[in-house]
Each structure stands twice: as structure tokens, then as C-alpha cells.
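Step one of this worksheet: look at the structure below.
The values are calculated or read from the model by the stated rules, or taken from the named source; none is laboratory data. Quick caveat, the model's predicted, so the values are computed rather than measured. Cβ placement follows ideal geometry from the backbone for every residue including glycine, while neighbour counts extend to all protein chains displayed. We work out accessible area using only protein heavy atoms, side chains counted, and drop any ligands, DNA or RNA first. Shrake-Rupley method; radii C 1.70, N 1.55, O 1.52, S 1.80 Å.
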Amino acid sequence: MDDQSSSGSRIRSRGNRRKASTKSRRAMTVAAWSVAGLVLIGGSGLGYVYFKLNGNIEGVDINAALGDDRPQNVDNGSMDILVLGSDSRAGANSQYGVDEGVARSDTAMVVHVYEGHKTASVVSIPRDTLVERPECADGQGKTVSAEKRAMFNTAYEVGGPPCAVKTVEKMSGIRMDHYIEVDFSGFKKLIDKLGGVEITTTKPINDSKSHLDLPPGTHTLDGEQSLGLVRTRKSVGDGSDLGRIQLQQAFMKAFINQVKSVGVFTNPKKLLGIADTATRAIRPDSELDSANELMSFARGLSGLGAEDVHMVTMPVRYDPADPNRVVPLKAASRQVWTALAQDKPIPASAVKDSAGDKGDAGEVVRASRAPGHRGE
């Protein structure tokens with residue numbers, strides 16, 4: 001990808017970011033969900049679908065909003081994508097809470113695809129993390145003031161996607177190549193179009209907030225149940241957002257397996273239906289806001305399986321002044337971001353003392369199907 005020009009003009013992707021010539025993310029929320037979901041769009045030579053899919057896509061021009069005040073665009077063949085799950089209660093999402101006219105990033109993941117696009121690391125950023133939010137433009141001509149000890153998810157609330165991207169870049173020192181946003185209703189529809197996601201629960205999950213009631217055993221979750229699972233927190237682990245992230249990461253493994261197993265790439269009709277749903281479910285950056293760009297991007301990630309994706313939570317500890325918030329473990333977080341900047345695996349030592357690495361919420365759910373179970 002070329003660097004943004006000083007004029008702030010829109011730059012189109014030429015299929016190149018760093019050395020790789022192919023460019024999903026991934027939602028929830030939530031990252032792999034988004035990555036896996038976009039993989040569905042790839043692999044088709046059906047040119048007639050482009051016009052239909054283009055009409056579904058609404059992009060956001062991150063480059064124009066942020067200009068040159070960004071980390072260097074390092075040319076090492078890797079790719080970094082910020083994936084956000086929006087908690088907006090507007091429109092079809094109103095059933096999940098009162099619409100207060102604002103939205104926050106309910107789920108945030110930095111997806112780092114290594115050179116060669118055969119493996120990836122996903123770093124979940126807890127929404128309750130207290131960060132130094134930088135001054136940023138909101139994409140609507142307004143400037144949002146900087147704030148110390150701001151909750152991470154307020155960056156999206158006050159400044160939209162550009163401010164969320166700038167906050168992550170400030171925190172990590174890594175330039176995000178792409179941005180992809182998924183909302184509640186889009187996530188549900190995508191799961192339903194896939195035919196559900198198969199998981200195995202090792203303990204019962206009964207959460208009145210997310211309206212999920214699952215006994216131990218194997219289940220095929222529909223869209224509503226899947227959304228309930230990735231929103232569950234009070235009834236699993238320590239009841240914190242960190243436990244919910246562990247659930248989300250386990251679910252994403254199952255979701256990626258499902259994408260691999262449904263035979264999308266060998267069934268054009270199924271591909272069109274799922275691609276239509278996927279493109280309605282996401283809001284990408286302006287370099288991915290056409291069917292051609294999304295398909296090229298997705299083809300470059302289509303070889304990734306759940307076993308190829310390493311998921312961690314950004315190293316944090318509970319804030320001594322407020323147990324309902326967390327703060328980054330500075331040295332450990334720097335290890336994580338430095339590894340990704342250098343296109344290297346995240347060292348286990350970086351997360352071993354993190355509050356996000358504690359607890360057993362991630363053991364409650366696991367993928368119950370290997371790729372290829374019932375498809376390709």
C-alpha cells in the first residue's frame with residue numbers, strides 16, 4: 001500500500017501492502033470473525049456478482065481522515081487489520097439495549113497476517129482498557145481532544161473509525177493497513193447464512209443478560225445464540241470483560257472452522273448468498289470498499305485455518321483505582337507490539353502475567369469440528 005499523500009486524497013489499493021500482492025479481516029465481535037467472514041467472498045470468478053455486491057458496501061476513508069500523522073508503513077510483507085464490533089443499538093440492534101445515539105467498540109482486535117499469509121496473530125484489546133487517547137479528526141471535519149485515562153472504546157464513540165484507528169496506532173506504534181467494522185445484526189445474519197457454528201461447551205452457560213442457556217455438550221449455534229455467546233460475561237469465568245474475550249476467541253476458532261467446512265468455494269450459488277450477506281454486515285476502509293478489492297483481499301487470506309491463527313489478549317492488569325477497568329502492562333504490551341512490527345510470533349512470556357491470560361472462560365467453549373468435516 002502506498003503511503004497517504006500530503007493532500008489527503010483517497011488512495012486505492014493496488015493489491016500490495018508491504019511485499020504481499022494479495023489482500024477479510026475479521027468481526028465480533030467479533031476477528032477473526034471478520035477475517036473468516038471476508039474469506040467467504042474470495043475464490044469466485046463470477047463477474048456478474050460485482051455490481052450487486054458493490055451496492056452493499058459503504059466504506060470509510062481512514063487515510064483522508066488521518067493524513068500523515070501515522071506510524072511508518074513498513075514494507076516487510078505482513079498486514080495489520082483493525083477489526084471492530086460495534087455496540088450500536090440503532091435500527092435492528094435496538095433489541096439489545098436502549099439507543100442512546102452513540103456507539104462504542106464492543107469488540108476490538110488487531111489481526112496481524114504474517115508474510116506469506118499462511119499464519120496470523122490476533123490481539124484482542126479489552127474495551128475497558130484505560131489508554132491515552134490522542135487528538136484526532138472524526139472524519140466529519142471536527143477535532144476530538146486528547147484525553148488521558150480514557151476507556152479504549154470511547155475512541156469510536158467520540159471520533160468514529162478514524163479515532164479508533166489512531167488510538168490503536170498510537171498505542172501499538174503499528175500502522176493499520178485496513179479497518180473493518182461489523183455490527184450485531186450483520187453478525188447474526190452471517191452466522192445464519194453459514195448454517196450456524198458448531199461448538200462444544202464443557203460447562204453450562206446460563207446468562208440472563210445475553211439470553212443464552214446452553215447445557216454442556218455439542219451445539220450448532222444460530223446467529224442469535226452466537227451473538228449471545230460472544231456477549232456473555234457475567235456467568236462465565238470471573239464475570240469480567242476479559243473472560244468474555246476468552247469466549248470470543250474460542251468462538252472465533254469454531255467460526256473459522258465452519259467457514260472452511262461449508263463448501264463455499266465449490267458452490268457459486270452459496271458463495272453469492274454468503275457474499276451478499278457478508279458485504280452487508282461490514283463497513284471496511286476505502287481501500288476495500290468494492291467487490292473487486294474485497295475479493296482480492298479475501299483470496300490472500302483464504303488459506304488460513306483456525307490452527308494457523310494465534311489469539312491473545314493485550315497484556316493488562318486491573319486498575320488499582322477502579323477494579324472495573326484495566327490498564328496495559330507497558331513492558332509486556334511493548335513485547336507484543338514489537339513482535340508484530342517485526343513480523344515475528346508473539347512470545348509466550350509477553351502474556352504470562354496478564355490478567356487476560358488468567359481464568360478458565362476460554363476452556364468453557366471449544367470448536368467441535370475440524371475443517372473439511374462436511375464440505376470441501
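Here the scattering of the range 262-361 is modelled by Debye summation over its C-alpha atoms, one equal scatterer each and no solvent; at q = 0.17, 0.20, 0.25 Å⁻¹ the log10 of I(q)/I(0) is -0.93, -1.01, -1.25. Shown here: the range 227-292, whose C-alpha atoms stretch 43, 30, 16 Å along the first, second and third principal axes, sorted largest to smallest. Per residue, the range 285-347 exposes 41 Å² of accessible surface when a 1.4 Å probe is rolled over the protein heavy atoms with every protein chain present.
Does the range 152-307 classify as rounded, prolate or oblate by the C-alpha gyration tensor (a ≥ b ≥ c root eigenvalues; a/c under 1.5 gives rounded; else a/b over b/c gives prolate, otherwise oblate)?
oblate
For the peptides 247-258, 183-194, the ranking by mean Cβ contacts within 10 Å, running from highest to lowest, is 247-258, 183-194.
Determine which lysines satisfy two conditions relative to K209: a Cα distance under 22 Å, and not lying fewer than 8 residues away in the same chain. Straight-distance partners of K209: K188, K189, K234.
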